[in-house]
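Novice: Quick one: the structure is below, questions incoming.
The values are calculated or read from the model by the stated rules, or taken from the named source; none is laboratory data. Remember, predicted model here, so these are calculated numbers, not experimental data. All Cβ positions, glycine included, derive from the backbone under ideal geometry; neighbour counts span all protein chains shown.
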Amino acid sequence: MAVHTKKIGLSLGADLCWPACYEEIIRALKLEIPIGEDALRFHVERISVEPFDLQQPCSYDVVLDRLTHWFHTSREWIKKAVLLDGLYVLNNPWSLQAMEKHTSYVAMMRLGMPIPKTWLVPPKEHAPGADTQTTLRRYAKLFDIAKIGDQLGYPLFMKPYDGGAWVGVTRIDGPEALRDAYEQSGTRVMHLQAAVDPFDLFVRAIGVGPQVYIVRYDPGAPLHDRYKVDFHFVDGDEWSLLQDTCLTINAFFGWEFNSCEALRKDGVFHPIDFANA
């Protein structure tokens, strides 16, 4: 019997807990899976960041990627390995590159999900470019951002259209605060989104393949304490709805794993952030 070792790469950033747990689980299981007359073992390795030849071979069979939605050097290495070497990656890097938060909102609005009312506003500042100022003079319309805030109502949230990890997110309680936040937003294209307020429950539906687990979530708690060990905080119908919501989003975008944040107000769950793949 021949024993073959499959190599699993972990594409990581500042991750601490999950890769250490994953590595230890693989070691503890000591997997040796029979495939016909042969057997498969598994080796886990963390992927380094370094220059690469576009034609160099890839030693990994599968990569679990938690980095390249924001770190582009590794994203381009993964895309090279998929095209040239047949690497399988979870999740699809092209999907993550194309389907950012803005796209995910629009797609799920079309499917009828109760996404909070959302506007996109041009950046306060623009990076220098040969034609930037000419384009802006010809076509950019002046607007009063406070009027958009009035249409959405307060409180609202300003956040990057492609963002994640709560970076650049500001709660806005009035027009002056909105103007101040917009003045400080720099070159980032921003969303203005009506707050789901007041809400009585914040959950994350965490989907891995066909499995979804619903966790009560507290974004204001210290990082280590945001996922709450709690049970029976939703009923059976709500659990099924949240599972279906997460699976629908993942199926639409072709994501093997993802999490969907949702807030409950007056008995309705409003998905607010679900491009977390």
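Novice: For residue 275, all conditions in the list (1) within 15 Å of the chain's Cα centre (by Cα); (2) at pLDDT 95 or above; (3) part of a loop (DSSP other than H, G, I, E, B) hold save one; what is the number of the exception?
Specialist: (2)
Novice: Hey, another quick one. Hey, among 15, 53, 85, which residue is within 22 Å of residue 100 (Cα to Cα) and either among the charged types (D, E, K, R) or surrounded by 15 or more Cβ atoms within 10 Å (Cβ to Cβ) (or both)?
Specialist: 15
Novice: Could you go through region 64-72 and let me know if any residue there is surrounded by fewer than 15 Cβ atoms within 10 Å (Cβ to Cβ) and assigned to a helix (DSSP H, G or I).
Specialist: Within region 64-72, one or more residues are surrounded by fewer than 15 Cβ atoms within 10 Å (Cβ to Cβ) and assigned to a helix (DSSP H, G or I).
Novice: Here's something else I'd like to know. Give just the number: which of (1) among the aliphatic types (A, V, I, L, M); (2) assigned to a helix (DSSP H, G or I); (3) over 30 Å from residue 2 (Cα atoms); (4) out of contact with any strand residue (DSSP E or B) (no Cβ under 8 Å at 6 or more places or on another chain) does residue 108 not satisfy?
Specialist: Going through (1) among the aliphatic types (A, V, I, L, M); (2) assigned to a helix (DSSP H, G or I); (3) over 30 Å from residue 2 (Cα atoms); (4) out of contact with any strand residue (DSSP E or B) (no Cβ under 8 Å at 6 or more places or on another chain) one by one, residue 108 breaks only (4).
Novice: Please go through region 191-238 and pick out each residue that is acidic (Asp, Glu) and either assigned by TED's automatic domain parsing to the domain that holds residue 155 or touching a residue at least 60 places away in the same chain (Cβ under 8 Å) (or both).
Specialist: Within region 191-238, the subset acidic (Asp, Glu) is 197, 200, 218, 225, 230, 235, 237-238.
197, 200, listed by residue number.
Novice: Is at least one residue of region 59-74 without any contact (Cβ under 8 Å) to a residue 40 or more places away in the chain and either assigned by TED's automatic domain parsing to the domain that holds residue 7 or among the polar types (S, T, N, Q) (or both)? Outline the logic, then answer.
Specialist: Here is the first cut: in region 59-74, the ones without any contact (Cβ under 8 Å) to a residue 40 or more places away in the chain are 72-73.
Still in the list and also either assigned by TED's automatic domain parsing to the domain that holds residue 7 or among the polar types (S, T, N, Q) (or both): 72-73.
Scanning region 59-74, I find at least one residue that is without any contact (Cβ under 8 Å) to a residue 40 or more places away in the chain and either assigned by TED's automatic domain parsing to the domain that holds residue 7 or among the polar types (S, T, N, Q) (or both), so the answer is yes.
Novice: Of the residues in region 51-74, how many are within 16 Å of residue 276 (Cα to Cα) and in contact with a Ser or Thr (Cβ under 8 Å, 6 or more places away or on another chain)? Reasoning before the result, please.
Specialist: Filtering region 51-74 for residues within 16 Å of residue 276 (Cα to Cα) gives 64-71.
From the residues that got through so far, the ones that are in contact with a Ser or Thr (Cβ under 8 Å, 6 or more places away or on another chain) too are 64-68.
Adding up the residues that qualify gives 5.
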